[in-house]
1. Mind ordering A:318-329, B:189-200, B:293-304 by average Cβ neighbours within 10 Å, highest first?
2. Label-point separation (nm) for B:Val24 and A:Ser101, each offset 7 Å from Cα along Cα-to-Cβ?
3. According to a simple spin-label model (label point 7 Å from Cα along Cα-to-Cβ), what is the distance in nm between A:Asn129 and A:Thr217?
4. Consider just the alpha-carbon atoms of segment A:182-304 and return their Rg together with their Dmax, both in angstrom.
5. Could you compute the FRET efficiency for B:Trp285 and B:Ile390, with r as their C-beta to C-beta distance and R0 at 45 Å, rounded to 0.05?
6. Report the per residue volume, in Å³, of the convex hull enclosing the C-alpha atoms of segment A:247-298.
7. Which percent, nearest 5, of DSSP beta bridges in chain B are antiparallel?
8. Per residue of A:312-319, what is the mean number of Cβ atoms on other protein chains within 10 angstrom of that residue's Cβ?
Amino acid sequence: MMNKVHAPQLIGLVLVIFFTLFPFVYSGNDYPYIMHIFITGFFYAILASSWSMLAGYAGQFSFGHLGFMGIGAYTAALFSHYFYLSPEPTNFCTEFSLGDSYLIILNPIGVTSSTLAQDCLKQAMEVWNGSVQVSPMPVWLGIVLGTLMGGFFGLLVGYLVLPLRAAYLALFTLGFAEILRAVISAEISITRGQAGIELRHMFENGITLFGRYYAQTDKLPPYFVMFFLLLLCLAILALLARSKFGLFVRALREDQDAAAALGVNTTRYKVLVFVVTSMMAAGAGATMAYYIGIVSPNNIVILQMSLVVAMAVIGGVENFAAAAIGAIFLEFMLEMLRNSFQIGPVVVDMTTWRLVIFGILLMLTLRFSPKGLLIPAIEYFTRGHVAKETVAKRGGESMDDASGVEGEN
Amino acid sequence: MEFPVIFWGVLVWMISWGVIGSIVTRRIYLRKDLDTSSTGMVGAMLGASTGPVGLVPLWMKTPQITNKMMAFPALASVGVFMIAFALADPNNLCVVSGSFVASQISNGIIIGIIYGFMALGLTLIFSILGVVSFAHGEFYMIGGMITYFVTTVWFPEITPLFGIGIACVSTFILGAVFERLFLTPMYTGKIGRPVEYGILITFGLAFTLQYFVQAVVGANPVKAKRFFDFPRVRLPSSADPWLIKTSRGNLELFDTISISNPRLTAAVMCILVFIALMYFLHKTWTGKALRAVSQDREAAAIAGINPDKMNMLAFALGSMIAALAGAMLVQAFSWLPQVGAIPAMRSFVIVVLGGLGSIPGAFLGGVIVGLVEAAGTGCIPNAQQAASYIPAYGMIVLILTLLLRPTGLFGRKYSSGTHGNV
């Protein structure tokens, strides 16, 4: 029997099928543009849903999430830019023998250097004169490394913020992201600063899927890579949220001391939630970096963080699926609102005004529907017949609200 | 840098002993069942400054920790760091040129006073509402923008005080309206987690204001004209002006220290407003009521103070202070809608360093951050690198403070308001 309790799952299934079929069905003129919006939307969805696990479930309002994304992206970029495999030793670079090939590490040269084209590998290639085939590192390895590096920094930050709460935690993580950005912009000789560092494309030589060849610039392969990464992250988050882990991190959010007194290893779970969510952010960052082909410190600015926070909050910060759907929808909306228009003599520059609208929407959502715009809809279906959330409210002022029974049916 | 090995070697030595000191000292005090609240700070600073020489006696004696035991090792660590830098880079301008150092220090203090003044607004908001306002930088930006438009675009002939006044009044109203519309649900317990709500809603306000201004004004940098010119002064005589020499835009003391006009006027104005604010907070009924609410909300309410009104006043006043700092500095820097981000971060650093909610702490913190930034920009050999690192200096101070002494220099351990303790 079809129950309305299952409606959200059904809608989720419909959305997954829609996004799976979309690239094959849609055939408008703006196909690459729409695909690009969706890829970016999936990227933001990963960030927003992992941030909602961190902030909404575990109550750790971290403003350094984009920092972890940047760590993933820059790890992938540096790895792709500086490491190569060659069957012959170059005798110019730092190199290590790996079985019958050589791992080559390029010497860093800055963007201001006049010998921009003269790194050690180029010198060696000139000597070889095309006789030796140098192969770059595989993309998947860059993404894995980026993810692991994100996890490592997540572990570090998780340990450092153990004693900090609320505003202090927000400031600490903001400081972490800012230092990271300053280091990346300042160490020009390695990261090339504001100019950004280039990566090889995700599918450098194109790819053949099910007997059909997709060129390097085709949007379909990266679309599915990002889509499956999103589904993977959502699956992991769903698994975690339903397990003991989800219960414990929510206990951490409600009252850390009480949770510790009841035998929850708060240290372990606080660090763990940082590690898991930073790995997701870093993985998304690394994948996005390979897709865009360039990363720069501007990707980590606080504006980007505002976007992720706004998407998660408008979707619903206490439900990662709602945050993800909200992110995709808002990214789409933001792109659609780009068209400037004219009222009489006044040209309304929508590229900026759309962000103003976005900010006002964020504030109104927070003020009048703090659970986000999607969660109340989900709750209408799933929890309409049960008593309202029974978690203890802080301070006890709102005991009446907490015990109130809503809509018995 | 001539001998980078010395510098990095000493730095690694200091950091490793600092980490060892903070962890082990805490463990030892915990085992002996003593107060561990400041052991991390003492252990880290003693370890960084003296290494095992100071740590071993501390571990053996485990004395009760006093403020002196924190201050001296902290100063000593700074000293060791400076000596290491001087040895590593003997030809650096910071090491050889006394006049350069004096100039950097005096400029650091002057800019630090302005930073401290801006952070004062944040600390006022925090001590009464318990909210860290993420929109502080945007109020700073708007204050500057309004002053620029009034004094340079609309009424070029009018006195700059008029522009500053308009900036103050409009941001005061904006702050009050925002507080009434969006922060009131925090006080009634309608919202499950008020601190996080406060962070997010001010974050949203910052986002909205920044893009609103960009949509209205455009993204091109603007610069206000100088508010006022120095009179021409030559002391002791015009032939030999070694004491004071002024031109219209600059002031030179002792032939070495050069201070630009906009910064000096801004700093002087900040000090004047600070004195007025102190008078307001300590001598008037409303000011006393504000302080009372910051100390104990319930007790103040019993004494007949309406805490809700004080919330509105505090947010409006705090935002106005940020706008005033912006209005003073718009003549010194070129102005963009994004200009608020870095001063906002700096204010966070300062209030955490000084102790969230502490007014003298905000001023001292401002001067310290000003000095650290002056040292960072003046002493790093590669000028471009130094400039890129500017936002990071303060953040390093912030992270160190949060790790070692989260209450800051003068922080109350249990401040009231809707927020909890650290």
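1. On the way: A:318-329: 26.3, B:189-200: 21.5, B:293-304: 15.5.
The packing order, highest mean first, is A:318-329, B:189-200, B:293-304.
2. Between B:Val24 and A:Ser101, the label points sit 4.7 nm apart.
3. Placing both labels 7 Å along Cα→Cβ, they lie 3.5 nm apart.
4. 19.7, 59
5. After rounding, the FRET efficiency stands at 0.60.
6. On the way: hull volume 4.8 nm³, N = 52.
Convex hull volume per residue, Cα atoms: 93 Å³.
7. Values: 10 of 10 bridges.
Of those bridges, close to 100 percent are antiparallel.
8. Values: counts 1, 4, 1, 0, 0, 2, 1, 0.
Mean shielding by partner chains, rounded to a whole number: 1.
Readers should treat all values here as calculations from the given coordinates under stated rules, not as data from a laboratory. In this text the structure is predicted, and so the values were computed from the model without any measurement. So basically every Cβ, Gly included, is an ideal-geometry build from the backbone, and we count neighbours across all protein chains shown.
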